[in-house]
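Accompanying notes for the structure given below.
The values are calculated or read from the model by the stated rules, or taken from the named source; none is laboratory data. None of the values given here were measured: they were computed from a predicted structure. Backbone-built Cβ (ideal geometry, glycine too); neighbour counts: all protein chains shown.
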Amino acid sequence: MLGTAGSGKTLLTRTLKEWFDARNLDVLTLNLDPGVKRLPYNPDIDARDYIDINEVIDAHNLGPNGAMIASMDLLAGKIKDIRDEIEYLGPEYLLVDTPGQMELFAYRTSGRLISSVIAEESQSTSVFLIDPFLALTPEGFASVLLLSVSVAFQLLIGQIVAISKDDLIEEEQKKLLNKWFDSPETLITDIYNKEKLSMTQQLGLSIIELLEKFKVTGDLFSISSHTGYNIDTLVGMIERHWGVKDDFYE
């Protein structure tokens with residue numbers, strides 16, 4: 001589960017866990033956030049069992065952000081142990097909940113190492129959640145899509161993009177987001193109409209090029225971890241994604 005802070009990664013982990021449990025499927029959860037205080041589910045494998053962030057703070061006299069960076073680096077040194085625990089438990093499905101501050105995971109060497117070891121010799125897919133409230137403008141939507149492509153490039157794991165919090169956004173906004181995703185030219189047009197700046201136009205052209213090259217998700221769709229809306233669709237897309245070979249991720 002990937003996405004910006006507050007996009008709904010942890011709630012989606014809980015909802016997917018409940019979905020698999022309801023169908024008597026063998027599923028485990030892995031929490032990779034050593035700094036999280038509370039979770040809405042009980043993780044089967046927990047980074048907090050390997051790294052105590054309070055000890056990191058005391059030992060190195062760090063603030064919260066520095067302690068999270070140090071903790072993720074320390075966790076990377078424990079990843080073989082975590083992998084051994086996964087293999088011992090041997091689940092059919094593993095749901096991986098990543099840290100709230102995505103940049104601490106996706107853009108550091110430790111994050112890429114952790115994800116690669118967990119995904120080793122298994123079919124893996126990332127779900128990148130778009131917080132709709134960060135995508136209410138064409139510029140905001142473009143920025144989030146660029147972020148999703150950047151994260152896919154960093155982690156080299158196949159990616160599905162979904163809009164979270166379906167229960168909180170208006171139908172017209174959902175239609176607009178789908179229009180921008182399906183037809184990048186309309187996104188550029190809306191950017192041009194709002195602000196005629198050469199830099200913005202160049203960015204718009206780059207967005208079209210990136211979307212055409214790296215769009216691997218099919219149609220954009222919205223989900224709700226609170227109501228369960230489209231969770232079936234998400235699981236179906238994940239399983240279909242495992243059967244698709246994409247040269248970008250080789």
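Residue-wise test of (1) of a type in the set (Asp, Glu); (2) farther than 13 Å from LEU32 by Cβ; (3) out of contact with any Gly (no Cβ under 6 Å at 6 or more places or on another chain).
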| position | (1), (2), (3) |
| --- | --- |
| ILE57 | no, yes, yes |
| MET68 | no, no, no |
| ALA76 | no, no, yes |
| ILE79 | no, no, yes |
| GLU87 | yes, yes, yes |
| VAL96 | no, no, yes |
| ALA152 | no, yes, yes |
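Can you pull out the helices (runs of 4 or more DSSP H) entirely within the range 108-189 that have at least 1 residues that are over 19 Å from the mean Cα position of the chain (by Cα)? Working first, answer last.
Details: elements: 109-119, 138-155, 171-182.
In the range 108-189, 138-155, 171-182 are the helices (runs of 4 or more DSSP H) which contain 1 or more residues that are over 19 Å from the mean Cα position of the chain (by Cα).
Could you list, in sequence order, all residues of the range 162-210 that are buried (at least 16 other Cβ atoms within 10 Å of the Cβ) and either of a type in the set (Ser, Thr, Tyr) or at pLDDT below 65 (or both)?
Hits for the range 162-210 are SER164, THR200, GLY204.
Identify all residues within the range 1-34 that are among the small types (Gly, Ala, Ser), surrounded by fewer than 21 Cβ atoms within 10 Å (Cβ to Cβ) and not in a loop (DSSP other than H, G, I, E, B); write none if there are none.
The one that is among the small types (Gly, Ala, Ser), surrounded by fewer than 21 Cβ atoms within 10 Å (Cβ to Cβ) and not in a loop (DSSP other than H, G, I, E, B): ALA22.
For (1) at pLDDT below 90; (2) not acidic (Asp, Glu), each residue gets a yes or a no:
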| site | (1), (2) |
| --- | --- |
| LEU89 | no, yes |
| PHE105 | yes, yes |
| GLU121 | yes, no |
| PHE133 | no, yes |
| VAL144 | yes, yes |
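Which one of these does ASP97 not meet: (1) modelled with pLDDT under 85; (2) surrounded by 15 or more Cβ atoms within 10 Å (Cβ to Cβ); (3) within 23 Å of ILE45 (Cβ to Cβ); (4) acidic (Asp, Glu)?
ASP97 satisfies all of (1) modelled with pLDDT under 85; (2) surrounded by 15 or more Cβ atoms within 10 Å (Cβ to Cβ); (3) within 23 Å of ILE45 (Cβ to Cβ); (4) acidic (Asp, Glu) except (1).
Looking at (1) exposed (fewer than 12 other Cβ atoms within 10 Å of the Cβ); (2) in contact (Cβ under 8 Å) with a residue 12 or more places away in the chain, which is the only condition ASP84 fails?
Here ASP84 clears every test but (2).
Can you say whether ASN54 is on the phi > 0 side of the Ramachandran plot and free of Cβ contacts under 8 Å to residues at least 12 places away in the same chain, as far as the supplied structure shows?
no
Tell me whether the range 38-47 contains one or more residues that are surrounded by fewer than 16 Cβ atoms within 10 Å (Cβ to Cβ), of a type outside the set (D, E, K, R), within 29 Å of PRO132 (Cβ to Cβ) and touching a helix residue (DSSP H, G or I) at 6+ places or on another chain (Cβ under 8 Å).
Checked against the condition, which is being surrounded by fewer than 16 Cβ atoms within 10 Å (Cβ to Cβ), of a type outside the set (D, E, K, R), within 29 Å of PRO132 (Cβ to Cβ) and touching a helix residue (DSSP H, G or I) at 6+ places or on another chain (Cβ under 8 Å), the range 38-47 yields at least one hit.
Return yes when ALA76 is in contact with a Leu (Cβ under 8 Å, 6 or more places away or on another chain) and without any contact (Cβ under 8 Å) to a residue 24 or more places away in the chain and no when it is not.
no
Which one of these is surrounded by fewer than 19 Cβ atoms within 10 Å (Cβ to Cβ) and within 29 Å of THR109 (Cβ to Cβ): SER148, SER143?
Answer to the selection: SER143.
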